[in-house]
């Protein structure tokens, strides 16, 4: 009995701890970054802004009943999340990466070297490190308002530079090109304003001197082997995502006995099923079972749309809509096999 009670308490306690996101510590003291960022900015940025993202993320996750979801899961489906979850999960992830890749240079010491693999990749996709610097700086300088500039690895294992607004990043399903970031530059004004005021270009020149290419190299090597790349490729299927959004809007309403959305959107659901069936299936899941399931999904959406056109009763509609829902989840399951 005592063991059982202890096990229950341990499980509850462990689950609670696992659900809480925490503020990471910096690897160096706030004043160590002075060559690029002043100590006061570092302290405010880390202990106020980043801490605020963590606190608001935990609150938003609790309110959205997303306890237990990993940070990557929150990012992967950002378009389905509340604004609070999307903004604060991005804020936490982005800043954590930012702190990890910054290292103050010690006087008279050797620079932090990059691996030959990363050097070769940079030369392949950008021509030289200097060209990469120009592209990153341009992406950061031209980002209107607040946001980030990124160097990231795509599912095709290419290196790409991009920028994103606010606290978005390339992992999120709201990004046009997706992948795993290995370098991120914060261009929110709170990252540089105390020393550089509105001179973002001066900050971008200074931040380059703090980049730790040995850490960035480690992140590049890890990203190439990370199963998340395959997951992003499979999830980055525009037609699948669009169909999912329409289905979610109609099915969950019908579960609550609200059939107005599906009666209004059955044509959209059917049209998106056709587009999905005709779309290019991601290479990593290109197999006969997926293609077959998409054909069945289209047929079920066609039948459902015809029923609604004939003003079928809610009970019949729910049965057909559930069939659509089941086949869709079958497709999703095949995508993750």
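The values are calculated or read from the model by the stated rules, or taken from the named source; none is laboratory data. Just so it is clear, the model here is predicted, and its values are computed rather than measured. Here the Cβ positions follow ideal geometry from the backbone for every residue, glycine too, while neighbour counts run over all protein chains shown.
Apart from one condition, residue 35 fits all of (1) more than 16 Å from residue 169 (Cα to Cα); (2) assigned to a helix (DSSP H, G or I); (3) out of contact with any helix residue (DSSP H, G or I) (no Cβ under 6 Å at 6 or more places or on another chain); the exception is (2).
Only one entry in 47, 16 is at pLDDT below 95 and either surrounded by 10 or more Cβ atoms within 10 Å (Cβ to Cβ) or in a loop (DSSP other than H, G, I, E, B) (or both), namely 16.
Table: residues versus (1) in the same structural domain as residue 96 (by TED's automatic domain parsing); (2) more than 20 Å from residue 298 (Cβ to Cβ); (3) surrounded by fewer than 19 Cβ atoms within 10 Å (Cβ to Cβ).
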{"residue": "217", "(1), (2), (3)": "yes, yes, no"}
{"residue": "220", "(1), (2), (3)": "yes, yes, no"}
{"residue": "223", "(1), (2), (3)": "yes, yes, no"}
{"residue": "249", "(1), (2), (3)": "no, no, yes"}
{"residue": "257", "(1), (2), (3)": "no, yes, yes"}
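Is it true that some residue in segment 168-179 is within 24 Å of residue 38 (Cα to Cα), buried (at least 19 other Cβ atoms within 10 Å of the Cβ), touching a strand residue (DSSP E or B) at 6+ places or on another chain (Cβ under 7 Å) and assigned by TED's automatic domain parsing to the domain that holds residue 92? There is no residue in segment 168-179 that is within 24 Å of residue 38 (Cα to Cα), buried (at least 19 other Cβ atoms within 10 Å of the Cβ), touching a strand residue (DSSP E or B) at 6+ places or on another chain (Cβ under 7 Å) and assigned by TED's automatic domain parsing to the domain that holds residue 92. Residues in segment 130-142 that are surrounded by fewer than 20 Cβ atoms within 10 Å (Cβ to Cβ) and in contact (Cβ under 8 Å) with a residue 12 or more places away in the chain were compared, and the one that is nearest to residue 198 (Cα to Cα) is 141.
When residue 292 is tested against (1) more than 29 Å from the chain's Cα centre (by Cα); (2) more than 30 Å from residue 228 (Cβ to Cβ); (3) not in a loop (DSSP other than H, G, I, E, B), just one condition goes unmet, and that condition is (2). Checked against (1) surrounded by fewer than 21 Cβ atoms within 10 Å (Cβ to Cβ); (2) touching a residue at least 60 places away in the same chain (Cβ under 8 Å); (3) in contact with a strand residue (DSSP E or B) (Cβ under 8 Å, 6 or more places away or on another chain), residue 241 passes all but a single condition, namely (3).
The residue of segment 307-317 that is surrounded by the fewest Cβ atoms within 10 Å (Cβ to Cβ), among those that are touching a helix residue (DSSP H, G or I) at 6+ places or on another chain (Cβ under 9 Å) and assigned to a helix (DSSP H, G or I), is 309.
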